[in-house]
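Shown next, in structure tokens, is the structure this report addresses.
A short reminder: the numbers here are calculations on the coordinates, not readings from a lab. As the structure is a computational prediction, the values presented were derived from the model and not from experiment. Cβ sites come from the backbone with ideal geometry, for glycine too, and all protein chains shown count toward neighbours.
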Amino acid sequence: MKYKQFYWESSLNDKNYNEFNERIKVYYEKYRSNKEKKSYTELKNKSALNNLFIKRKTSRDFKVAIAKDELNNLLDATFNISYPSAGALYGLEIYCFVINVKGLTQGVYKMEKEGELTIFAETNDMKELINTLTLNYYLIDCSSCYFIIVAHTETYIQKYGERGFRFALQESGHLAQNIVLKATELSLRTFISGGYIEERYAEVLDLSKDEFVIYEIAIGK
Ligand SMILES: Cc1cc2nc3c(=O)[nH]c(=O)nc-3n(C[C@H](O)[C@H](O)[C@H](O)COP(=O)(O)O)c2cc1C
């Protein structure tokens, strides 16, 4: 399948992540230095939803641990088919890496369809584990937990062929947006990251060749 080739050829790994970081540095030096930073603060209509759009901002400095109830509130509202799904296939899964959530033991959890978190893997040192998984370790390590969205691509491919991979990516965007907006409503802070090592997650989460990590979303206060 060509999408698998695309996925793995555009993945980060031990060999290419320095080059990736270097590329970003060069981009800033070359292109961004004289560009105005876009801002979006004026609201014509101050509806609750519009206010959430404005309030949502990427956070790269989390200070306070969230509580298990807050995490449950967030998950309850966001994962329970609250987002549009291509063909109503709902081929996405969420894993939750718990670093510092009050009332919840550190570890990797899997989100069940009913909204429950079940333990997937225990670890004595979550920070040591995530240091091997994400390039944004120093931004994520102070968060309370972070989600990994995984797509079961075969679910989409069976119905739509190669195009199904696009649908899985698009659907993940909907789910991710629900997570960050709901978190914002709960006065939680979020950080979305695209800098992670796919093959390491595949190993830790014991993913099959048809399961792909799409998104990394950290939550904190
Ligand atoms: C797909 C995606 C990947 C991102 N990856 C990173 C990342 O690796 N590191 C980072 O600091 N921010 C990352 N961001 C956050 C963006 O930098 C941020 O959304 C953008 O600067 C706009 O700022 P705001 O979210 O506060 O409005 C990512 C955002 C998206 C949508």
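Hey, could you check the stretch 134-145 for residues that are within 12 Å of the ligand (Cβ to nearest atom) and outside any loop (DSSP other than H, G, I, E, B) and say which is surrounded by the fewest Cβ atoms within 10 Å (Cβ to Cβ)?
Residues of the stretch 134-145 within 12 Å of the ligand (Cβ to nearest atom): 134-140.
Next cut, outside any loop (DSSP other than H, G, I, E, B) only: 134, 137-140.
Details: Thr134: 23, Tyr137: 14, Tyr138: 10, Leu139: 18, Ile140: 27.
Within the stretch 134-145, the match that is surrounded by the fewest Cβ atoms within 10 Å (Cβ to Cβ) is Tyr138.
Might you check whether a residue that is of a type in the set (Gly, Ala, Ser) and in contact with a Lys or Arg (Cβ under 6 Å, 6 or more places away or on another chain) occurs anywhere in the stretch 36-50? It would help to see each step written out before you state the result.
Our first condition is that a residue be of a type in the set (Gly, Ala, Ser); within the stretch 36-50, this holds for 39, 47-48.
Right, trim to in contact with a Lys or Arg (Cβ under 6 Å, 6 or more places away or on another chain) and you get none.
No, the stretch 36-50 contains no residue that is of a type in the set (Gly, Ala, Ser) and in contact with a Lys or Arg (Cβ under 6 Å, 6 or more places away or on another chain).
Would the stretch 161-168 turn up any residue that is assigned to a strand (DSSP E or B), of a type in the set (A, V, I, L, M), within 15 Å of the ligand (Cβ to nearest atom) and touching a Ser or Thr at 6+ places or on another chain (Cβ under 7 Å)?
Of the residues in the stretch 161-168, the ones assigned to a strand (DSSP E or B) are none.
Checking the stretch 161-168: not a single residue is assigned to a strand (DSSP E or B), of a type in the set (A, V, I, L, M), within 15 Å of the ligand (Cβ to nearest atom) and touching a Ser or Thr at 6+ places or on another chain (Cβ under 7 Å).
Checking the structure you have, find out if any residue of the stretch 55-67 is surrounded by fewer than 17 Cβ atoms within 10 Å (Cβ to Cβ), away from the ligand (no atom under 15 Å from the Cβ) and not small (Gly, Ala, Ser).
yes
Restricting the search to the stretch 202-218, which residues are aliphatic (A, V, I, L, M) and more than 16 Å from the ligand (Cβ to nearest atom)? Can you show your working first?
Our first condition is that a residue be aliphatic (A, V, I, L, M); within the stretch 202-218, this holds for 202, 204-205, 207, 213-214, 217-218.
Of everything in the stretch 202-218, those that are aliphatic (A, V, I, L, M) and more than 16 Å from the ligand (Cβ to nearest atom) turn out to be Ala202, Val204, Leu205, Leu207.
Going through Glu199, Glu154 one at a time, which residue ends up being more than 14 Å from Tyr3 (Cα to Cα), in a helix (DSSP H, G or I), away from the ligand (no atom under 16 Å from the Cβ) and over 13 Å from the mean Cα position of the chain (by Cα)?
Details: Glu154 fails: more than 14 Å from Tyr3 (Cα to Cα).
Matching residue, one of Glu199, Glu154: Glu199.
Tell me, which helices (runs of 4 or more DSSP H) wholly within the stretch 4-99 include 1 or more residues that are touching a strand residue (DSSP E or B) at 6+ places or on another chain (Cβ under 8 Å)?
Details: elements: 17-27, 48-55, 68-79.
So the answer is 17-27, 68-79.
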